[in-house]
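The values are calculated or read from the model by the stated rules, or taken from the named source; none is laboratory data. None of the values given here were measured: they were computed from a predicted structure. Positions of Cβ are backbone-derived with ideal geometry, glycine not excepted, and every protein chain shown enters the neighbour counts. In case anyone asks, the SASA skips ligands and DNA or RNA and just uses the protein heavy atoms, side chains included. Shrake-Rupley method; radii C 1.70, N 1.55, O 1.52, S 1.80 Å.
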Amino acid sequence: MILLQISSAQGPDECCLAVAKALKQLIKEANTVNVQVECLEMEPARQPDSFRSVLVSLNGTGAAQLADNWCGSVLWICNSPYRPNHGRKNWFIGIARFEQNNPELESEIQFESLRSSGPGGQHVNKTDSAIRATHIATGISVKVQSERSQHANKRLAILLIAHRLEQLRQQAGAELKAERRMFHHQIERGNPLRVFKGVNFKSA
């Protein structure tokens with residue numbers, strides 16, 4: 001399981017729209033390689049159906065390759081749909097990969113099995129596949145029930161706690177590799193990994 005963050009990198013409204021279009025394209029490509037995409041966090045932007053940032057999980061045998069195909073700077077070439085007379089056509093966003101790389105983290109977390117809640121009918125009401133995970137030292141807690149198995153929910157819970165611990169370290173000023181959050185400010189413009197054109201977000 002891999003976490004991917006799609007970020008507008010503090011860019012204007014057009015970049016936020018590009019985030020939404022990239023998410024749709026990512027899901028489309030994931031379906032062709034049997035990779036499951038789950039949207040975990042979405043930070044809405046000013047314009048409808050656009051996002052400053054989206055965090056998704058990728059699950060499946062092709063997840064690593066799919067992540068490799070997207071990680072880096074992405075360029076969308078299109079006239080602004082919001083500012084018709086605006087001269088700029090190049091809009092950059094960035095995609096970063098986050099994996100839990102501390103093998104000892106699991107031993108620092110308390111897990112509790114829960115009955116899943118929400119839509120899903122009888123199956124949801126009768127299963128105990130949901131997981132609440134609490135990082136003992138910090139009190140950070142997440143509840144995960146999006147995956148079908150308890151094991152998968154546990155892996156996702158560990159990933160989410162790992163990325164929130166990373167955020168805490170950065171907020172405290174720790175000099176660590178900011179794989180998840182500092183990436184917002186580190187997008188390399190001018191050397192995109194992928195390029196898309198037009199309102200239909202077609203590969204260039």
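Among the residues of region 17-38, some residue qualifies, meaning at least one is out of contact with any Lys or Arg (no Cβ under 8 Å at 6 or more places or on another chain), in a strand (DSSP E or B) and among the charged types (D, E, K, R).
Taking every residue in region 147-162 that is closer than 15 Å to L40 by Cα and pairing it with any residue that is open to solvent by less than 20 Å² (accessible area, probe 1.4 Å) and assigned to a helix (DSSP H, G or I), at least 6 positions away or on another chain, the pairs with Cβ-Cβ distances below 7 Å are E147/N153; E147/L156; I158/L105; A162/L105. Going by what's in this entry, would L4 be described as open to solvent by less than 70 Å² (accessible area, probe 1.4 Å), among the aliphatic types (A, V, I, L, M), modelled with pLDDT under 95 and within 30 Å of R132 (Cβ to Cβ)? So L4 passes the test. The strands (runs of 3 or more DSSP E) falling completely within region 77-178 that include 3 or more residues that are open to solvent by 50 Å² or more (accessible area, probe 1.4 Å) and modelled with pLDDT of 70 or more map to 109-114. It is to be established whether one or more residues within region 60-73 are in a strand (DSSP E or B) and β-branched (V, I, T). Checking region 60-73: not a single residue is in a strand (DSSP E or B) and β-branched (V, I, T). What about C71, is it modelled with pLDDT under 95, farther than 20 Å from A152 by Cβ and open to solvent by less than 50 Å² (accessible area, probe 1.4 Å)? For C71, the condition - modelled with pLDDT under 95, farther than 20 Å from A152 by Cβ and open to solvent by less than 50 Å² (accessible area, probe 1.4 Å) - is met. Figure legend. Inter-residue proximity from region 163-177: first residues closer than 16 Å to E41 by Cβ, second residues open to solvent by less than 90 Å² (accessible area, probe 1.4 Å) and at pLDDT 75 or above, beta-carbon distance below 6 Å, spacing 6+ or different chains. Indicated pairs: H163/F98; R164/I140.
Output the residues belonging to region 28-37 that are of a type in the set (D, E, K, R) and out of contact with any Leu (no Cβ under 8 Å at 6 or more places or on another chain).
Selection gives K28 alone.
Annotation: C15 fulfils all but one of (1) of a type outside the set (V, I, T); (2) on the phi < 0 side of the Ramachandran plot; (3) within 14 Å of the chain's Cα centre (by Cα); the unmet one is (3). Regarding region 19-42, can at least one residue be identified that is in contact with a Ser or Thr (Cβ under 8 Å, 6 or more places away or on another chain), in contact (Cβ under 8 Å) with a residue 60 or more places away in the chain and within 21 Å of V195 (Cβ to Cβ)? Looking for residues that are in contact with a Ser or Thr (Cβ under 8 Å, 6 or more places away or on another chain), in contact (Cβ under 8 Å) with a residue 60 or more places away in the chain and within 21 Å of V195 (Cβ to Cβ), one finds at least one in region 19-42, hence yes. Cβ-Cβ contacts under 6 Å between residues 6 or more apart (or on different chains), taken from a first residue in region 47-61 that is touching a residue at least 12 places away in the same chain (Cβ under 8 Å) and open to solvent by less than 10 Å² (accessible area, probe 1.4 Å) to a second residue that is assigned to a strand (DSSP E or B) and among the charged types (D, E, K, R), are listed as L55/E41; S57/E38.
With respect to the stated conditions, N191 fails to be at pLDDT 80 or above, within 30 Å of G72 (Cα to Cα) and either in contact with a strand residue (DSSP E or B) (Cβ under 9 Å, 6 or more places away or on another chain) or not in a helix (DSSP H, G or I) (or both).
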